[in-house]
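Student: Below you'll find the structure I mean.
The values are calculated or read from the model by the stated rules, or taken from the named source; none is laboratory data. Computed from a prediction, not measured in an experiment: that's the story for all the values here. All Cβ positions, even for glycine, are placed from backbone atoms using ideal geometry, and neighbour counts span all protein chains on display.
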Amino acid sequence: MAFARHISITGDALRRWFVAQCYDALAVGALWWAGLWYLHVPFALFWAVVAAGLQFIPHFGPVIAFFGPALTALFTDGFEGFLYVLILYGVVIVVDGLVLQPIIMRRTARVPVWASLIVPILLSLVFGFWGWLLAAPLLAVIFAYRAYAKSRAPVPVPVRRQTPPGQVITGGQLISPGGSSDEAARGGSY
């Protein structure tokens, strides 16, 4: 395979991964906005936009996005408001990590749900922080190459077996193409 083809496959996979990240950021921003609006936290739309933007920072962005609304809720509603925002943060993280990201990665980057859930954990155990950080784009590239290999694989042609002459078949017996009509009369119809 030519180097340009490698660049094309990898670039397309990373583009699809980035599109998946954009969709995920929009979904997380919508979840934050709905939750903060329901909790009557001031500047809910602003904090939702900040959370959506910070979603592009893998693994640390959502943690950073929590502090703004949490402090705002703490100063306006007291400790109870802070706890509600903390619960909202937990719900957003769980829904995003276990539902939204795997589904968006499957639809956009063509990464199976099981791989989106299991591979980042395994890569973080093997390679530590860098495995955890690079798991999602690496998965997109791996499954792009897998799809390319499947598309290039030869399609197996089913082997059709022909009944050889002289074998009994339904309705009579086959005769060879050069056989006499006398054989046909003795062997039955074909």
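Student: Looking at ILE142, ILE118, ILE104, can you tell me which residue is within 22 Å of the chain's Cα centre (by Cα), loosely packed, with under 13 Cβ neighbours inside 10 Å and in a helix (DSSP H, G or I)?
Tutor: On the way: ILE142 fails: loosely packed, with under 13 Cβ neighbours inside 10 Å; ILE104 fails: loosely packed, with under 13 Cβ neighbours inside 10 Å.
So the residue among ILE142, ILE118, ILE104 that is within 22 Å of the chain's Cα centre (by Cα), loosely packed, with under 13 Cβ neighbours inside 10 Å and in a helix (DSSP H, G or I) is ILE118.
Student: Given the structure, is ILE142 modelled with pLDDT of 85 or more, out of contact with any Pro (no Cβ under 9 Å at 6 or more places or on another chain) and at negative phi? Steps first, answer last, please.
Tutor: On the way: modelled with pLDDT of 85 or more: yes; out of contact with any Pro (no Cβ under 9 Å at 6 or more places or on another chain): yes; at negative phi: yes.
Answer is yes for this residue.
Student: Which count do you get for residues in the stretch 71-85 that are within 16 Å of TRP32 (Cβ to Cβ) and exposed (fewer than 14 other Cβ atoms within 10 Å of the Cβ)?
Tutor: Here the count works out to 1.
Student: Which of the following residues is over 18 Å from LEU54 (Cα atoms) and in the same structural domain as GLN21 (by TED's automatic domain parsing): LEU88, LEU100, LEU71, LEU122?
Tutor: Only one candidate passes the filter, namely LEU122.
Student: Quick one: in the stretch 8-22, of everything that is crowded, with 18+ Cβ neighbours inside 10 Å and among the aliphatic types (A, V, I, L, M), which residue is nearest to PRO62 (Cα to Cα)?
Tutor: Only one residue fits best here, namely ALA20.
Student: Taking LEU134 as the residue in question, decide whether it is more than 10 Å from the chain's Cα centre (by Cα), over 21 Å from ARG15 (Cα atoms) and assigned to a helix (DSSP H, G or I).
Tutor: No; evaluated as a whole, the condition is false for this residue.
Student: A further question on this structure: Restrict the check to the stretch 33-54 and report whether at least one residue is closer than 19 Å to LEU133 by Cβ and within 22 Å of the chain's Cα centre (by Cα).
Tutor: Checked the stretch 33-54: at least one residue is closer than 19 Å to LEU133 by Cβ and within 22 Å of the chain's Cα centre (by Cα).
Student: Can you name every residue in the stretch 32-68 that is crowded, with 17+ Cβ neighbours inside 10 Å, farther than 20 Å from VAL99 by Cα and either among the aromatic types (Phe, Trp, Tyr) or not assigned by TED's automatic domain parsing to the domain that holds PRO102 (or both)?
Tutor: Selection gives TRP47 alone.
Student: Residues in the stretch 23-31: is at least one modelled with pLDDT of 90 or more, surrounded by fewer than 13 Cβ atoms within 10 Å (Cβ to Cβ) and among the aromatic types (Phe, Trp, Tyr)?
Tutor: No.
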